[in-house]
Amino acid sequence: MVNESAPAVDVTDLHVQRGKHPVLHGLSVSVPRGVVVGLLGPSGCGKTTLLRTIVGVQVVQSGTVTVLGREAGSASLRHRVGYVTQDASVYDDLTVRQNLQYFRAVLGAPRSDVDRVLTLTDLTSQAGQLVGSLSGGQRSRVSLAGALLGSPDLLVLDEPTVGLDPLLRVELWTLFHQLAASGTSLLVSSHVMDEASRCDRLLLMRDGEILADDTPAGLLASTGTADTEGAFLALIARHPLAGPGDGSHS
Ligand SMILES: Nc1ncnc2c1ncn2[C@@H]1O[C@H](COP(=O)(O)OP(=O)(O)OP(=O)(O)O)[C@@H](O)[C@H]1O
């Protein structure tokens, strides 16, 4: 059904405007299969907008976005792509298990999937608890558990570790790598630069453009820096923003 040899995501010359504001200006990028790719960049640079185009919920002005060899948003991708938004998409007045049973039924995933994703996200002991009574970190894990139902080939996660304590963040990154090892492709956005070293590949984004697409080690080597934050600053210095009135997008 989906093209098994195509990259997880292939974006070419993408232009997206939100309201009257151009957000992505001819962005091209490719996300390989079976690895954890980090999409990093400052708040407002367009990460969520790019993720929205990949899951097919964003109107685009021009360009192509191909996911698993299909046009983004195609009906055949619906069960193959899991998306976790920044705000947990869960029902507070249902228990954790009831939320997942509901999403499972909508997706048509196997019944056994509910227990599988509860275990994966370490929520088994909270399964009977109302989601409204959970901590913020637990709520976001329920959202992640929902996205894991049906074992999608691509997981698109928008700032999944925001607001989590360091221990939970480490546990989540371990889970992301377990999923990648079993063949899932993951695209994970973050504006926390210290999460970069946890990714197999990095996309550094600034003002609607990709400044770098490399491994963490490759990025440090090419910029001669000791950490991702330094690398990002070095890249920004190399690519100064164009000023107003010079015909650029800014
Ligand atoms: N619904 C909208 N209407 C108009 N402009 C929007 C809308 N949503 C976002 N924008 C603008 O688009 C730009 C990119 O926003 P986006 O949410 O993609 O950034 P981001 O990198 O994900 O930021 P953050 O890390 O804070 O979530 C911002 O300037 C933002 O103000």
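The values are calculated or read from the model by the stated rules, or taken from the named source; none is laboratory data. Bear in mind that the values here come from a model prediction, so they are computed numbers and not experimental data. Using ideal geometry, Cβ is built from the backbone for each residue, glycine included, and neighbour counts are taken over all protein chains shown. Side chains are part of the model used for accessible areas, which takes the heavy atoms of the whole protein and leaves out ligands, DNA and RNA. Shrake-Rupley method; radii C 1.70, N 1.55, O 1.52, S 1.80 Å.
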Margin query: What are the pairs with Cβ atoms under 9 angstrom where one residue, in segment 27-52, is in the same structural domain as R70 (by TED's automatic domain parsing) and under 18 Å from T64 (Cβ atoms) and the other, located anywhere, is near the ligand (Cβ under 6 Å from one of its atoms) and of a type in the set (K, R)? Sequence gap at least six, or different chains.
Written below: G46/R18; T49/R18
Check: Within the bounds of segment 87-95, is there any residue that is within 16 Å of the ligand (Cβ to nearest atom), under 22 Å from L14 (Cα atoms) and touching a helix residue (DSSP H, G or I) at 6+ places or on another chain (Cβ under 6 Å)?
Finding: no
Item checked: Every residue from segment 87-108 that is under 22 Å from the mean Cα position of the chain (by Cα), of a type outside the set (S, T, Y) and open to solvent by less than 70 Å² (accessible area, probe 1.4 Å) -> A88, V90, N99, L100, F103, R104, L107
Item checked: Only one of M205, M193 that is within 16 Å of the ligand (Cβ to nearest atom) and crowded, with 21+ Cβ neighbours inside 10 Å -> M205
Margin query: Quick check on G82: is it crowded, with 19+ Cβ neighbours inside 10 Å and away from the ligand (no atom under 16 Å from the Cβ)?
Written below: yes
Note to self: Among the residues of segment 157-165, are any open to solvent by less than 10 Å² (accessible area, probe 1.4 Å) and more than 16 Å from the ligand (Cβ to nearest atom)?
What the structure shows: no
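Go through segment 212-222 and give me each residue that's buried (at least 18 other Cβ atoms within 10 Å of the Cβ) and assigned to a helix (DSSP H, G or I). Can you show your working first?
Restricting attention to segment 212-222, the residues satisfying the condition of being buried (at least 18 other Cβ atoms within 10 Å of the Cβ) are 212, 216, 219-220.
Of everything in segment 212-222, those that are buried (at least 18 other Cβ atoms within 10 Å of the Cβ) and assigned to a helix (DSSP H, G or I) turn out to be P216, L219, L220.
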Note to self: Among the residues of segment 29-40, are any within 16 Å of the ligand (Cβ to nearest atom), in contact with a Phe, Trp or Tyr (Cβ under 8 Å, 6 or more places away or on another chain) and at pLDDT 95 or above?
What the structure shows: no
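For every residue, the table says whether it meets (1) hydroxyl-bearing (S, T, Y); (2) out of contact with any strand residue (DSSP E or B) (no Cβ under 6 Å at 6 or more places or on another chain).
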| site | (1), (2) |
| --- | --- |
| A109 | no, yes |
| L144 | no, no |
| A147 | no, no |
| G150 | no, yes |
| P166 | no, yes |
| S189 | yes, no |
